[in-house]
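The values are calculated or read from the model by the stated rules, or taken from the named source; none is laboratory data. Remember, it's a predicted structure, so these values are computed and weren't measured experimentally. Methodologically, a virtual Cβ is constructed for each residue, glycine included, from the backbone with ideal geometry; neighbour enumeration extends over all protein chains shown. Accessible surface is based on the protein model in full, side chains and every heavy atom, while ligands, DNA and RNA are left aside. Shrake-Rupley method; radii C 1.70, N 1.55, O 1.52, S 1.80 Å.
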Amino acid sequence: MAQVILKNIVKNYGKLEVVHSINLDVAHNEFVVLVGPSGCGKSTTLRMIAGLESISGGEIIIGDNVVNNLPPRDRNISMVFQNYALYPHMTVRENLGFSLKIAKRDQTEIDKSVDEASKILSLEDYMDRKPGALSGGQRQRVAMGRAIVRHPDVFLFDEPLSNLDAKLRAQMRVEIKKLHQKIQTTIIYVTHDQVEAMTLADRIVIMRDGNIEQQGSPTQVFENPINTFVATFIGSPPMNLLPGRVGKNMLEFSGGLILPIPIDFKDIVKPGQDIILGFRADHIMPVGHDLTIDGDSAMIEMSVGVSEPLGTETLLYTQLAGQEILAKMLRPRIVQDGETLTFNLDLGQCNLFDAVTQRNLR
Amino acid sequence: MNINRLSKLKSFFLKVSHHVTLFIAMSIICIPGLWIVLNSFRPTVDIMAKPPVWVPRGLNLDNYRAMFGGAGEGGVPVMQYFTNSLIISCTSTIIALFVGMAGGYAFARFRFKGKNAIFVGLLLTRAVPGVALSLPLFIVMAKTGIIDTHFGLILVYVAMNVPFTIWLIDGFFRQIPPDLAEAAEIDGCTRWQAFWKVEFPVAKAGVASAGIFAFLTSWNEYALASQLTRSTFSKTMPVGLRDFTSEFTINWGGMCALAVLLIIPALILTFIVQKHLISGLTFGGVKG
Ligand SMILES: Nc1ncnc2c1ncn2[C@@H]1O[C@H](COP(=O)(O)OP(=O)(O)O)[C@@H](O)[C@H]1O
Ligand SMILES: [Mg+2]
């Protein structure tokens, strides 16, 4: 059993504070993804958990022990680095067995563990090659193999897929997910790619500027973003945002656009309040090419600037109230540039954010 | 068709001129060395002949025989000089390498106050010509009583080589991503183990090349050694060359023979280590 608990963790580099008192509970066997734009302190946080970076304040607990002052080797963790960090002078076999050799296990045991790991990651054919003679994806697998041979309590991944091309990345994503099912260990995974976060995580932790903005299951953060940052960061394409103002029982936007107040927010907003309306492309679709909407909806006429056919659906770039808006067309037909269409906006799926604090009003 | 022939001809001439240029350049570099080897097997008449005798004739081992012979027949204590050179060069190289590894690692990995200033300062010490230091060194060593000892010369060569080894080894450690040592630490190593089991083997090529340079510098150094060594007990091979000059004559043949003995170990060492230099640097453990 190894849960990981961060209590008020702070990191300073000299006078500069880059991680501001964050709290995080990772349960045993949970797959937690730290996601956020680059420079937000994800790696720093992960490296503090690994023991590669000292902790300026707070407490880190792995299993049942406070590990603040333990060196990495005493924390029983494994880490996969962004650039793999394979030992270039050792063969794949030696790379995999290195940790066990350092731990002075006997050779038969090492061989057994290495074979097991190589089978899980299908590395059998490369065992006697040096890392220099492997492709990116193979190196990636060796790095993961090196992490699993030790049966650690916690796996740490720092952007493990960002050096791979798109196709391989999608493939490795699935492999990592399978790996988690097979070996049942706590995983903390860092990425700046929200697709990876959404697909892999049991729980997503969104970070910005050294703070945790929101955490929750992928659906939770997707459907109920706590603020406009999360709304635009999670999900592809990002959520559409329309700044406006609350009028008498309605929302007013520039250019004379008027929309009803979504029902969930009726009692929350006050007339005169500046708000931002947020909705995803999936919730604004041309009539006849949409899903049935239960609840309130609004009809809007917009002319299409550019369309992007993706096969099963088409993305439509349009203008609304002076903002660029992205809409989606299901069962697509060919759309002429400049064509005017009537769109159905699903009000039940809309979010309202406070224009000043940028926080979700829900 | 015509154009094809022309471009073929052109590339042929380019290739020929390429080889000719290369040959001339290599001749300029190699002929003095080969001349020394040749002269070491020649009688003095041929060495001094004007115009020079290009085609070797009457080669013999007389110069070598005389050199290893008794003092009366122009012999010099070659074995003693050789041992002195070996002791001094090897010891100073090993020390310079260890200091260089410690220093180079520190410069490559750690942040500390005045790092750049210290680094530049180290290199600046090499801007002072060694000979300019010979008199002060002579006085200091005479006062402390380490003149004419192995220890004194080792000290001087370590001081001469350390800035260079630090600089070179620093460059190699810089190329090794810190992630490697961190991965090793996570795999259960202490800092110390991480260095010796991962970073050192990867940087081995750099350490080896620093070693060659340090060794050759000490092995060939003449200016300081000629001032700081006096007796057979500490004279190095380059200084020994001077034994062949007397008041009115210079024994060129003997000098060349000793010079050949001087060159051989350096050549052998370079050949041995060269393999490491080429095969050593196989990165790829990290993203290429
Ligand atoms: N050694 C360091 N010294 C000073 N600042 C650092 C150091 N390492 C990282 N930082 C800063 O800390 C912040 C967080 O970095 P990091 O955790 O690497 O971000 P990311 O989320 O992209 O992984 C960045 O603004 C970075 O500039
Ligand atoms: Mg990072």
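Within the set A:Lys130/A:Lys178; B:Lys197/B:Lys275; A:Lys101/B:Lys204; A:Lys15/B:Lys197, which residue pairs have Cα atoms separated by over 24 Å?
Distance filter (> 24 Å) returns A:Lys130/A:Lys178; A:Lys15/B:Lys197.
Counting protein heavy atoms only and a 1.4 angstrom probe, how many square angstrom of accessible surface do chains B and A bury in total, to the nearest 100? Don't skip to the end; give the middle numbers.
On the way: alone 17520 and 17060 Å², together 32430 Å².
Protein heavy atoms only, the B-A interface buries about 2200 Å².
Using a 1.4 angstrom probe on protein heavy atoms only, which residues from the range A:85-131 are buried by at least 50 Å² of accessible area when all chains are present rather than their own chain alone?
By number: A:Tyr87, A:Pro88, A:His89, A:Phe98, A:Ile102.
Please work out the Cα center distance from the range A:1-74 to the range B:134-203, rounded to the nearest Å.
So the separation of the two Cα centres works out to 36 Å.
Give me the dipole magnitude in Debye, nearest 20, for chain A about the Cα centre, with unit charges on the beta carbon: positive for Lys and Arg, negative for Asp and Glu. Don't jump to the answer; show the numbers that get you there.
Numbers: 37 positive and 43 negative charges, 215 e Å.
In total the dipole reaches around 1040 debye.
Report the charge-dipole magnitude of the range A:240-354 in Debye, nearest 20, computed about the Cα centre from +1 at each Lys and Arg Cβ and -1 at each Asp and Glu Cβ. All intermediate terms of the calculation are to be shown ahead of the outcome.
Details: 8 positive and 16 negative charges, 29 e Å.
The calculated dipole for the range A:240-354 is roughly 140 debye.
For peptide A:72-84, compute the average count of partner chain beta-carbon atoms within 10 Å of each residue's beta-carbon.
Working: counts 9, 10, 1, 1, 2, 1, 3, 6, 2, 8, 3, 7, 8.
That average works out to 5.
So for each of A:130-141, A:266-277 I average, over its residues, the number of other beta carbons within 10 Å; can you give me the resulting order with the highest mean first? Please list the in-between numbers first.
Working: A:130-141: 19.8, A:266-277: 14.6.
By packing density, highest mean first, the sequence is A:130-141, A:266-277.
So which chymotrypsin sites (Phe, Trp or Tyr not before Pro) in the range B:51-147 end up in coil per DSSP with only 15 or fewer other C-beta atoms within 10 Å?
Values: sites: B:Trp54, B:Tyr64, B:Phe68, B:Tyr81, B:Phe82, B:Phe98, B:Tyr105, B:Phe107, B:Phe110, B:Phe112, B:Phe119, B:Phe138; in loops: B:Trp54, B:Phe110, B:Phe112.
The qualifying sites are B:Trp54, B:Phe110, B:Phe112.
Please figure out what share of the DSSP beta bridges in the range A:143-256 is antiparallel and state it in percent, rounded to the nearest 5. Could the numbers behind the result be given before it?
On the way: 8 of 13 bridges.
Expressed as a percentage, antiparallel bridges in the range A:143-256 total about 60.
Per residue in the range B:157-184, which ones lose no less than 20 Å² of accessible surface when going from chain alone to all protein chains (1.4 Å probe)?
When all protein chains are present, B:Asp179, B:Leu180, B:Glu182, B:Ala183 each give up 20 Å² or more of accessible surface.
Over the range B:2-68, with the other protein chains present, what is the accessible area per residue in square angstrom, probe 1.4 angstrom? Don't jump to the answer; show the numbers that get you there.
Working: 5540 Å² over 67 residues.
With the other protein chains kept in place, the range B:2-68 gives 83 Å² per residue.
I'd like the carbon and sulfur percentage of the solvent accessible area for chain A, probe radius 1.4 Å, heavy atoms only, ligands and nucleic acids excluded.
Solvent-exposed carbon and sulfur of chain A make up 48 percent of the total.
Write down the accessible area per residue of the range B:231-271 in Å², having rolled a 1.4 Å probe over the full set of protein chains. All intermediate terms of the calculation are to be shown ahead of the outcome.
Working: 2040 Å² over 41 residues.
In whole numbers, the range B:231-271 has 50 Å² accessible per residue.
Note the angle between two axes, namely the Cα long axis of helix A:107-120 and the longest principal axis of the Cα atoms of chain A, as a number of degrees from 0 to 90, rounded to the nearest 10.
Rounded to the nearest ten degrees, it is 20.
How big is the gap, in Å, between the Cα center of the range A:110-144 and the Cα center of the range A:199-226?
Computed from Cα coordinates, the inter-centre distance equals 33 Å.
Roll a 1.4 Å probe over the protein chains and send me the accessible area per residue for the range A:219-362 in Å². Walk me through the intermediate numbers first.
On the way: 7080 Å² over 144 residues.
Per residue, the range A:219-362 has an accessible area of 49 Å².
Given the options A:Val221, A:Asn23, A:Gly210, identify the residue whose Cα lies farthest towards the positive end of the charge dipole of the range A:4-233 (+1 on Cβ of Lys, Arg; -1 on Cβ of Asp, Glu).
A:Gly210
Note the angle between two axes, namely the Cα long axis of helix A:92-102 and the longest principal axis of the Cα atoms of chain A, as a number of degrees from 0 to 90, rounded to the nearest 10.
Helix A:92-102 and the main axis of chain A meet at about 70 degrees.
Quick one: with all protein chains in place, what share of the accessible area of the range B:178-254 is carbon or sulfur, to the nearest percent (1.4 Å probe)? Each step should come with its number before you reach the end.
Working: 1870 of 3050 Å².
Answer for the range B:178-254: carbon and sulfur cover 61 percent of the accessible area.
Which of the lysines could a cross-linker bridge to A:Lys328, judged by Cα under 28 Å and excluding same-chain residues fewer than eight apart?
Leaving aside lysines fewer than 8 places away in the same chain, those within reach of A:Lys328 are A:Lys167, A:Lys266.
Give me the distance between the Cα centres of the range B:27-62 and the range A:277-311, rounded to whole Å.
Between the Cα centres of the range B:27-62 and the range A:277-311 lies a distance of 94 Å.
With +1 on each Lys and Arg Cβ and -1 on each Asp and Glu Cβ, and nothing else charged, work out how big the dipole of the range A:1-64 is about its Cα centre, in Debye to the nearest 20. Provide the component values of the computation, followed by the final result.
Values: 5 positive and 6 negative charges, 55 e Å.
Charge dipole, the range A:1-64, about its Cα centre: 260 debye, nearest 20.
Report, to one decimal in Å, the Kirkwood hydrodynamic radius for the range A:210-333 based on all distinct Cα pairs. Working shown, then result.
Values: mean 1/r = 0.0632 Å⁻¹.
About 15.8 Å for the range A:210-333.
Looking only at trypsin sites (Lys or Arg not before Pro) in DSSP loops with at most 13 other Cβ atoms within 10 Å, what is the longest site-free stretch of chain B? Write down the numbers at each step before the final one.
Working: sites that count: B:Arg57, B:Arg111, B:Lys113, B:Arg230.
Result, exposed sites excluded: B:114-229.
Kindly point out which whole DSSP H helices in chain B project their C-alpha atoms 18 angstrom or further along the helix axis while averaging a Kyte-Doolittle hydropathy of -1.0 or above. If you can, show how the numbers build up before the last one.
On the way: long enough: B:2-40 (55 Å, 0.93); B:78-109 (45 Å, 1.13); B:130-144 (20 Å, 1.68); B:150-175 (36 Å, 1.11); B:200-220 (29 Å, 1.00); B:252-280 (41 Å, 1.74).
Taking the DSSP H segments of chain B (at least 18 Å long, mean hydropathy at least -1.0), we get B:2-40, B:78-109, B:130-144, B:150-175, B:200-220, B:252-280.
Using a Gaussian network for chain A with springs between C-alpha atoms less than 10 Å apart, which of these wobbles most: A:Ile212, A:Ile102, A:Ile77?
So, out of A:Ile212, A:Ile102, A:Ile77, the one fluctuating most is A:Ile102.
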